Amino acid sequence: MKKKKVKKRPAFREVLSEKLSLPNDMLLDLPRLTLCGNHELEVENYKNVLEYLEHSISLNCTEGIIRLTGENLEITAITDDSVSIRGNILSISFSQ
Amino acid sequence: MLSRLIHYLKGSVVLRISGTFPERFVNVCASRGILLRDIKRLSKNSIRLTMSIHSFRLLPPIARRTGVRVKILRKSGLFPMLHKHRKRKVLLIGVLVFMFLFIGLNQFVWKIEITGNEKIPTTTILENLKECGLSVGAFRHSLNQKKIKNDMLIKMTDLSWLWAEKKGSKVIVTVKEKIPIPEIFDANDYCSIVAAKDGVIHSMIVRNGFPAVKIGDTVQKNSLLVSGMLESERGVDTRYLQAEAEIYARTWYEKTKAFSLYSRDPKETGAHVTRYRLSLFGLDIPCFWGKENPYEESISEHELYELSLFGNYLGISLSKDTYREIEYKDIRLAQDFVVENGARELCDAIDAVVFPNSELLNSTPSHHVIDEDTVEVTVVCEYLENIAQKVKMERPTEELP
């Protein structure tokens with residue numbers, strides 16, 4: 001029996017977002033990161049805080065995990081859809 | 001700033017959260033809509049955070065569910081402070097009395113500022129304002145700005161406009177002084193043109209009237225230049241006109257002044273004193289002992305800090321005067337330098353007295369040494385000026401036949 005090749009189809013929201021030129025973070029619940037220099041970062045559309053240490057913070061998002069490393073990291077404000085982080089941010093990495 | 005003020009009014013509590021996973025506590029709080037601020041990791045198992053007092057009541061079930069211990073480190077805000085001092089009745093009475101006095105005393109005028117006057121002394125305006133009902137200590141709600149304006153404009157004829165603006169306990173009075181009205185000649189008036197200064201006629205542009213001088217003539221002040229009376233050749237039918245002309249003449253000015261070859265150069269010695277004065281609802285309280293300025297020669301700096309709320313003066317101000325001692329050191333200057341500077345100063349002085357739009361043709365400085373410390377500088381300047389000055393003349397009364 002011939003094995004049928006499965007091609008991954010883009011999600012309906014993704015197509016809609018592309019066709020109507022709407023911002024991805026609105027329809028796909030993607031995280032929006034606003035970085036001010038390397039001192040302040042605001043993450044919107046996050047799910048929860050996985051880890052909070054003085055030198056690293058991990059945030060769970062729809063697309064995976066956002067990991068920040070730095071020095072003297074402090075969460076200045078946290079609500080159910082956004083988190084503001086202050087400190088000396090050295091790196092931001094994304095992982096699934 | 002505004003969010004801080006709101007947080008202060010609402011009241012905040014600083015907590016220490018200890019447990020295996022303090023992050024779980026943070027996540028649950030966030031998912032339940034509790035705003036957490038200033039989260040900081042203290043140790044491996046504890047964090048410090050700030051939240052509103054109102055949200056603190058929602059914490060016990062969350063703490064039980066997430067297995068953390070909550071400890072209050074500090075409470076801040078207006079309501080926690082009032083709650084803390086609720087039994088201190090004397091303090092409450094003191095605060096109420098202070099507020100009553102503060103609000104009561106702010107209903108009066110404690111300061112009057114005059115702006116816009118150049119020739120009229122401030123004290124004269126203040127005296128007249130006092131007669132019109134505006135003085136230090138007046139009840140500010142009874143001030144009628146329109147009445148003050150009208151009364152003052154009637155009283156002080158050399159003012160063209162005045163307005164008193166209330167800024168809390170301070171009243172800012174803005175004045176405009178009258179500019180003298182230039183003499184305007186009626187078109188039917190008979191007038192001639194005379195010389196305003198001595199000089200030698202350089203050029204003439206006569207638009208109306210009969211010229212009485214010609215180019216090259218030397219004229220003295222008040223001598224007739226252009227006559228407004230035109231007589232016919234036959235001696236009858238005399239016409240009286242308004243003479244109109246521009247008469248340019250070369251004029252000379254001479255000024256002499258003695259200048260010292262020594263300059264007094266001020267130098268700060270480094271010693272200084274600062275004097276504070278507290279002005280409390282019109283009462284001036286010096287906050288220092290001894291003489292205000294202990295130095296014979298000094299320079300001073302004045303700074304004023306006014307307590308105001310939304311731009312309204314609250315009747316309390318602090319003035320800071322700094323006096324720095326200086327000593328003068330005599331420095332001998334070069335004679336050429338003194339002569340040059342002196343000539344420039346004399347030229348500027350002459351320039352201030354000539355008519356506007358005059359042209360400087362040349363200036364000749366000269367000097368002679370009076371003694372070894374003094375030099376006398378003389379400057380002669382030649383200008384080209386319009387010396388025409390209109391003078392109204394009386395028309396002779398016609399005799400009846």
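Please treat every number below as a calculation from the coordinates, not as lab data. Bear in mind that the values here come from a model prediction, so they are computed numbers and not experimental data. Cβ placement follows ideal geometry from the backbone for every residue including glycine, while neighbour counts extend to all protein chains displayed.
Nothing charged except the Cβ atoms of Lys and Arg (+1) and of Asp and Glu (-1): what's the magnitude of the dipole of segment B:199-314 about its Cα centre? Round to the nearest 20 debye. Intermediate values should be presented prior to the final figure.
Numbers: 13 positive and 16 negative charges, 90 e Å.
About 440 debye.
In nanometres, what is the gap between the two model label sites at B:Asp265 and B:Ser46, each 7 Å from Cα along Cα-to-Cβ?
Output for this residue pair reads 6.6 nm.
Which whole number gives the average, over all residues in A:73-82, of C-beta atoms from other chains lying within 10 Å of the residue C-beta?
Whole-number average of other-chain Cβ neighbours for A:73-82 is 6.
For the protein assembly as shown, with only Lys/Arg (+1) and Asp/Glu (-1) charged at the beta-carbon, what is the dipole magnitude about the Cα centre, in debye rounded to 20? Could you put the intermediate results ahead of the total?
Numbers: 70 positive and 63 negative charges, 1488 e Å.
Here the protein assembly as shown has a charge dipole of around 7140 debye.
Using amide H atoms built in the peptide plane, which far-off residues or other-chain residues are under 5 Å from B:Met393 H to H?
B:Tyr190, B:Cys191, B:Ser192
Residues with beta-carbon under 9 Å from that of B:Leu360, excluding B:Leu360: net charge, scoring Lys, Arg +1 and Asp, Glu -1?
Once all neighbours under 9 Å are counted, the net charge is -3.
With +1 on each Lys and Arg Cβ and -1 on each Asp and Glu Cβ, how big is the dipole of chain B about its Cα centre, in debye rounded to the nearest 20?
7100 debye
Net charge near B:Val13: determine it from the other residues with C-beta under 9 Å of the C-beta of B:Val13, scoring Lys and Arg +1 and Asp and Glu -1.
Combined, the nearby Lys, Arg, Asp and Glu give +2.
Please report the spacing between the Cα centers of segment B:21-91 and segment B:138-173 in Å, no decimals.
56 Å
Just to be sure I understand the rule: take each whole DSSP H helix in chain B, project its Cα atoms onto its long axis, keep it if the span is 18 Å or more and its mean Kyte-Doolittle hydropathy is at least -0.5. Which ones pass? Working shown, then result.
Details: long enough: B:89-105 (24 Å, 2.72); B:335-351 (24 Å, -0.22).
Qualifying helices, which must be both long enough and hydrophobic enough, are B:89-105, B:335-351.
Taking the mean number of other Cβ atoms within 10 Å as a proxy for protection, how do you rank B:100-112, B:116-128 from highest to lowest?
Highest mean packing first, the order is B:100-112, B:116-128.
Given a 10 angstrom Cα cut-off, can you work out which residue in B:Trp163, B:Trp289, B:Trp252 is the most mobile in a GNM of chain B?
Highest fluctuation of the listed residues: B:Trp289.
Which of rounded, prolate, oblate describes segment A:54-96, given a ≥ b ≥ c as roots of the alpha-carbon gyration tensor eigenvalues and a/c under 1.5 marking rounded, otherwise prolate only if a/b is larger than b/c?
Oblate.
With unit charges on the beta carbon (Lys/Arg positive, Asp/Glu negative), name the residue among A:Ser82, A:Thr34, A:Ile65 whose Cα is farthest towards the positive pole of the charge dipole of chain A.
My answer, from the dipole projection, is A:Ile65.
Quick one: length gained pulling B:Asp373 to B:Glu131 fully straight, 0.36 nm per residue minus the C-alpha distance?
Net length gain for the segment: 81.6 nm.
Restricting to DSSP H runs of at least four residues, report the calculated mean residue ellipticity at 222 nm for the protein assembly as shown, -39500 (n - 2.57) per run over all residues, nearest 500 deg cm²/dmol.
-6000 deg cm²/dmol
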